[in-house]
Amino acid sequence: MLIAHITDLHIAGEGEYPYDVDVRSRFVRVLEDLSSHEPELMVLGGDLCYREGSRSIYLWIREQLEMQGIPYLLIPGNHDDTNLMAQVFGLENRLVEGRYYFSRDLEGRRVLFLDTADDSLSEDQIVYLEKELAAAGNGELLIFMHHPPVLSGVYYMDLKYPLLNSGRVGPLLAESRARVTVFCGHYHVEKSVMMGNLRVFITPSIFVQIDQEARSFAVDHRGFGWRKIRLDQGILWTTVRYISEERREN
């Protein structure tokens, strides 16, 4: 099974080009590129909107996704409005106290999709996660969430915008009996982090990538792309596919 992971779209309003980036064009290019690889599922990992949740932006994103015809799932990020996103995508009946989290079984693996839109993992989700980890035993658990569950060596993001309760969530995952693999975004970098039984794969943004060593916000590069995740007969492999940088013509 091939899964396409896209995150940190930061789609702006029509005619708006943050940091001189045509984010709408980039999203369309990514969709066109990944469709040629025929993924069976697409996961949108949050921060669909540039600054804050917008009905018109969610509607535009939904239109692009429906034109591609690839099955997709989505989770919110800190620049999203979970309730508004659920309204536009027809997910209102699946909200749990204003949060959107759920599970799927894919290729014999249990996969969780979590909501960290308020920069933390809520108490009800932690209880839910503890139950899923216990049920997994010595097996394997996959998780999609927006924020990395541990500090990840990206100085500016670790300092300013980490998962607020990573000190609790990270050890919970790393010290579990199950082998846990997390796919996330938020940090605008490509990176992998290992801690105990936890593997974290951070997918780069469609927008811009952040300098991992800078102490204040700085753009590292403007390359963009998506992550390929292959689940095949007990084997999991993943790689990032970059698309050439695009600059808006003035």
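The values are calculated or read from the model by the stated rules, or taken from the named source; none is laboratory data. The structure displayed is predicted, hence computed values, not measured ones. No Cβ is skipped: glycine too gets one built from the backbone with ideal geometry, and neighbour counts run over all protein chains shown. Heavy atoms of the whole protein, side chains included, go into the accessibility calculation; ligands, DNA and RNA do not. Shrake-Rupley method; radii C 1.70, N 1.55, O 1.52, S 1.80 Å.
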*Please indicate, with yes or no, whether at least one residue in segment 127-142 is under 28 Å from Glu190 (Cα atoms), touching a Leu at 6+ places or on another chain (Cβ under 9 Å), modelled with pLDDT of 95 or more and part of a loop (DSSP other than H, G, I, E, B).*
no
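Which of the following residues is assigned to a loop (DSSP other than H, G, I, E, B), of a type outside the set (Ser, Thr, Tyr), open to solvent by 80 Å² or more (accessible area, probe 1.4 Å) and out of contact with any Leu (no Cβ under 7 Å at 6 or more places or on another chain): Asp105, Asp118?
Numbers: Asp105 fails: assigned to a loop (DSSP other than H, G, I, E, B).
Answer to the selection: Asp118.
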*Please work out which one of (1) within 25 Å of Ser166 (Cβ to Cβ); (2) out of contact with any His (no Cβ under 7 Å at 6 or more places or on another chain) is the condition Ala86 fails and give its number.*
(1)
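Could you go through segment 202-212 and let me know if any residue there is under 24 Å from Arg110 (Cβ atoms) and either more than 17 Å from the chain's Cα centre (by Cα) or not aliphatic (A, V, I, L, M) (or both).
Of all residues in segment 202-212, those under 24 Å from Arg110 (Cβ atoms) come to 202-203.
Those left that are additionally either more than 17 Å from the chain's Cα centre (by Cα) or not aliphatic (A, V, I, L, M) (or both): 203.
Yes - at least one qualifying residue is present in segment 202-212.
Tally up the residues in segment 68-93 that are farther than 15 Å from Gly45 by Cα and in contact with a helix residue (DSSP H, G or I) (Cβ under 7 Å, 6 or more places away or on another chain), please. Even if it seems obvious, please write down each step before you answer.
The initial filter retains those residues of segment 68-93 that are farther than 15 Å from Gly45 by Cα, namely 68-70, 83-84, 87-88, 90-93.
Filter once more, keeping what is in contact with a helix residue (DSSP H, G or I) (Cβ under 7 Å, 6 or more places away or on another chain): 68, 70, 84, 88, 92.
Final tally of qualifying residues: 5.
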*Working only within segment 94-107, note down all residues that are within 21 Å of Leu65 (Cα to Cα) and without any contact (Cβ under 8 Å) to a residue 24 or more places away in the chain.*
Arg94, Phe102
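Quick one: which of Tyr187, Tyr242, Tyr161 is of a type in the set (Phe, Trp, Tyr), touching a Pro at 6+ places or on another chain (Cβ under 7 Å) and under 25 Å from Leu142 (Cβ atoms)?
On the way: Tyr242 fails: touching a Pro at 6+ places or on another chain (Cβ under 7 Å); Tyr161 fails: touching a Pro at 6+ places or on another chain (Cβ under 7 Å).
It is Tyr187.
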*Tally the residues that are of a type in the set (Ser, Thr, Tyr), more than 23 Å from Thr238 (Cα to Cα) and either without any contact (Cβ under 8 Å) to a residue 12 or more places away in the chain or open to solvent by 60 Å² or more (accessible area, probe 1.4 Å) (or both), restricting the search to segment 153-193.*
2
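I'd like to check which strands (runs of 3 or more DSSP E) are fully inside segment 182-243 and have at least 1 residues that are among the hydrophobic types (A, V, I, L, M, F, W, C) and at pLDDT 95 or above. Please lay out each step first, then the result.
On the way: elements: 191-195, 198-202, 219-221, 224-232, 235-243.
In segment 182-243, the matching strands (runs of 3 or more DSSP E) lie at 191-195, 198-202, 224-232, 235-243.
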